[in-house]
Protein chains: 2
Amino acid sequence: MQAEDPTNEINFCQACSVRNRAICADLDDHEIELLNKIGRRRRLAPGETLLWEGDEAVFVANVVSGVLKLSTQKSDGREQILGLAYPSDFLGRPFGEVSPYSVEALSESTVCVFQRSDFERFAEEHGRLEHKLLERTLGELDRTRRWMLLLGRMNAEERLATLLLEIASRTVLATCENTGWKVPDEFELPMSRQQIADILGLTIETVSRQFTKFREEGVIEMRGRRDVTIRKRDALEMLAA
Amino acid sequence: MQAEDPTNEINFCQACSVRNRAICADLDDHEIELLNKIGRRRRLAPGETLLWEGDEAVFVANVVSGVLKLSTQKSDGREQILGLAYPSDFLGRPFGEVSPYSVEALSESTVCVFQRSDFERFAEEHGRLEHKLLERTLGELDRTRRWMLLLGRMNAEERLATLLLEIASRTVLATCENTGWKVPDEFELPMSRQQIADILGLTIETVSRQFTKFREEGVIEMRGRRDVTIRKRDALEMLAA
DNA sequence: AGCGAAGCTTGAGGTAAATCAAGTTGTCCG
DNA sequence: CGGACAACTTGATTTACCTCAAGCTTCGCT
């Protein structure tokens with residue numbers, strides 16, 4: 001998947017690894033060609049920011065590879081991560097003036113970027129794209145609402161269990177083509193302990209202690225700081241349920 | 001606004017109080033007539049449930065009057081309210097099989113209900129409706145994500161301040177037509193203390209203590225349990241910021 | 001290899017909110 | 001109008017998580 005050349009500006013849609021899963025999936029060859037003309041590939045290094053909260057919303061984008069975070073800050077600096085974006089996910093705020101959150105790459109990422117105005121014009125002329133975007137947005141709203149139960153009503157243990165299962169399941173969807181995949185028990189965390197804390201609404205110390213606890217209980221195994229193996233999936237699912 | 005007859009099944013769209021704000025706003029007279037044929041009005045008493053979490057998603061609806069809550073539960077019964085729906089808001093999960101949350105009326109409410117299958121067919125044939133629904137869904141996603149900052153990173157005082165301001169601003173949008181309105185400082189809470197706790201991710205006791213604190217500080221004034229007057233809006237805005 | 005620094009872990013102590021347990025106040029209804 | 005019940009408030013105590021403060025790993029770099 002990393003083999004394709006992200007700098008190739010000519011007809012990159014044809015070879016795009018998320019071509020059949022992103023919002024462009026239902027477009028025909030002619031439409032794809034038009035979309036190809038208004039978009040461009042962009043590579044982001046870890047830590048690089050694509051959109052700033054409060055800034056004019058100039059871009060929208062599809063994630064092609066990598067993982068990005070959406071986040072917002074309180075005036076005093078407290079940060080809350082609003083979600084993660086995986087390959088085929090859509091980024092940005094069409095039909096809105098300002099970006100309501102920041103978007104920053106967690107890992108080395110490739111995105112397919114459009115000027116918001118270009119994209120909106122295209123969408124209004126091509127109902128199928130707008131329909132796909134609607135379906136994706138409704139799905140994202142469901143996912144976001146489920147996260148509210150975690151932030152409002154779960155304890156630290158339940159929160160980390162839920163996140164580990166979520167990352168596992170999202171990782172596979174991002175890695176394999178849509179036949180024959182299954183959710184892996186081994187994966188790499190795409191973010192630091194502090195970022196995990198900002199996702200879960202906890203402090204870095206509490207997150208660290210929970211990792212230690214899961215390790216001691218044999219629920220997970222770790223090689224280095226970011227390589228996780230789930231050993232007792234049932235235990236995690238019980239907590240997350 | 002309560003003067004219109006909710007049981008009148010003939011052409012209720014024409015006289016609908018949310019006609020210009022709901023997703024039907026951009027439809028022409030012919031389209032409205034078609035939509036009118038597939039929808040029907042339904043009145044809900046406080047506490048009555050329109051959709052159950054996990055059930056087949058048979059309905060979608062527009063809120064005409066009243067306030068409803070969307071909520072989800074953990075397996076052990078802990079509840080988290082995912083959001084409130086005010087007049088002109090859209091309810092339900094188009095293009096999905098199961099309802100990801102429950103919808104229950106908080107106050108006496110009127111909704112305009114469609115069979116999901118009817119609605120989806122109509123939407124696919126009428127791009128303007130789908131576009132409106134997309135805009136509304138994107139807005140709802142933004143609002144939901146902002147709430148995550150509250151659940152993940154705010155203390156009890158900040159949470160209640162934010163909710164009071166939110167209810168005040170949503171109440172006016174629900175009450176007045178779109179010219180000349182301003183946000184009121186006096187309003188009625190449409191929910192119980194326990195429901196406020198379930199919105200804010202707190203316990204009923206903590207909510208009660210915060211109300212008492214705001215009253216003692218002269219930030220708000222209360223007549224009975226549900227009538228609130230904001231006396232120091234600055235103070236609340238400072239906390240919510 | 002070995003240094004340095006950022007990232008992470010661990011411990012001790014403090015605190016906001018939860019929990020448990022009475023009281024009190026509104027509200028419904030005959 | 002009064003009585004009963006649910007809804008709410010208040011107080012005392014506990015606890016999960018936060019804060020502050022060291023240490024310890026991991027990893028990039030020369």
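The values are calculated or read from the model by the stated rules, or taken from the named source; none is laboratory data. Being a predicted model, the structure only gives us computed values, none of them experimental. Reconstructed Cβ throughout: ideal geometry from the backbone, glycine too, with neighbour counts over all protein chains shown. We work out accessible area using only protein heavy atoms, side chains counted, and drop any ligands, DNA or RNA first. Shrake-Rupley method; radii C 1.70, N 1.55, O 1.52, S 1.80 Å.
Pop out the ³J(HN,Hα) list for segment B:72-89 in order, Karplus 6.51 cos²θ - 1.76 cosθ + 1.60 with θ = phi - 60°, rounded to Hz; leave Gly and Pro as x.
Once θ is set to phi - 60°, the couplings for segment B:72-89 become 9, 10, 6, 4, 8, x, 4, 10, 10, 7, 8, x, 10, 10, 10, x, 5, 6 Hz.
Considering the Cα positions of the protein assembly as shown, please state its Rg to one decimal place and its Dmax as a whole number of Å.
For the protein assembly as shown, the Cα-based Rg and Dmax read 23.3, 68 Å.
Would you list B:205, B:158, B:135 from the most to the least accessible area, probe 1.4 Å?
These residues rank, largest area first, as B:205, B:135, B:158.
Among B:37/B:132; A:182/B:74; A:69/A:232; A:182/A:232, which pairs are too far apart, with a Cα-Cα distance over 22 Å?
With Cα atoms farther than 22 Å apart: A:182/B:74; A:69/A:232.
Return one whole number: the accessible area per residue of segment A:125-241 in Å², for a 1.4 Å probe.
Ligands and nucleic acids excluded, the figure is 48 Å² per residue.
Taking +1 at the Cβ of each Lys and Arg and -1 at the Cβ of each Asp and Glu, which of B:167, B:228, B:183 sits farthest along the dipole of segment B:154-240 towards its positive end, judged by Cα position relative to the Cα centre?
B:228
Using C-alpha positions alone, give me the convex hull volume of chain B per residue in cubic angstrom.
Spread over its residues, the Cα hull of chain B gives 131 Å³ apiece.
Taking a 1.4 Å probe, which of B:131, B:30 shows the most accessible area, and what order do the others take after it?
Of B:131, B:30, the descending order of accessible area is B:30, B:131.
Do any residues of segment B:152-173 lose at least 20 Å² of accessible area when the full set of protein chains is present rather than just their chain alone, and if so which, with a 1.4 Å probe?
The answer is B:152, B:153, B:158.
For an R0 of 51 angstrom, estimate the FRET efficiency from the Cβ-Cβ distance between residue B:215 and residue B:14 and round to the nearest 0.05.
For R0 = 51 Å, the calculated efficiency reads 0.65.
Which whole-Hz couplings ³J(HN,Hα) result when phi for each residue of segment A:31-43 is put into the Karplus expression 6.51 cos²θ - 1.76 cosθ + 1.60, θ = phi - 60°, listed in order with x for Gly and Pro?
Values per residue, Gly and Pro as x: 5, 4, 5, 5, 5, 4, 5, 8, x, 8, 7, 9, 9 Hz.
With every protein chain kept in the model, how would you rank A:43, A:159 by accessible area, 1.4 Å probe, largest at the top?
Highest to lowest solvent-accessible surface, that is A:43, A:159.
Which of the residues in segment A:69-100 lose at least 30 Å² of accessible area when you go from the chain alone to all protein chains together (probe 1.4 Å)?
Those are A:74, A:78, A:80, A:82, A:93, A:95, which lose 30 Å² or more relative to the chain on its own.
Would you mind telling me the share, in percent, of accessible area of the protein assembly as shown contributed by carbon and sulfur at probe 1.4 angstrom?
48
Provide Rg over Rh for segment B:12-149; use the alpha carbon set for both Rg and the Kirkwood Rh (inverse mean inverse pair distance).
When Rh is taken as the Kirkwood radius, the ratio is 0.96.
How large is the dipole of chain A about the Cα centre if only Lys and Arg carry +1 and Asp and Glu carry -1, each at its Cβ, rounded to the nearest 20 debye?
Computed about the Cα centre, the dipole is about 740 debye.
Total Å² of accessible surface buried at the B-A contact, 1.4 Å probe, nearest 100?
4000
Taking the Cα centre of segment A:113-178 as origin, work out the dipole magnitude from +1 charges on Lys and Arg Cβ and -1 charges on Asp and Glu Cβ, in debye rounded to 20.
Here segment A:113-178 has a charge dipole of around 220 debye.
Taking the Cα centre of the protein assembly as shown as origin and charging only Cβ (+1 Lys, Arg; -1 Asp, Glu), how large is the dipole, in debye to the nearest 20?
Using Cβ point charges on Lys, Arg, Asp and Glu, the protein assembly as shown gives about 1380 debye.
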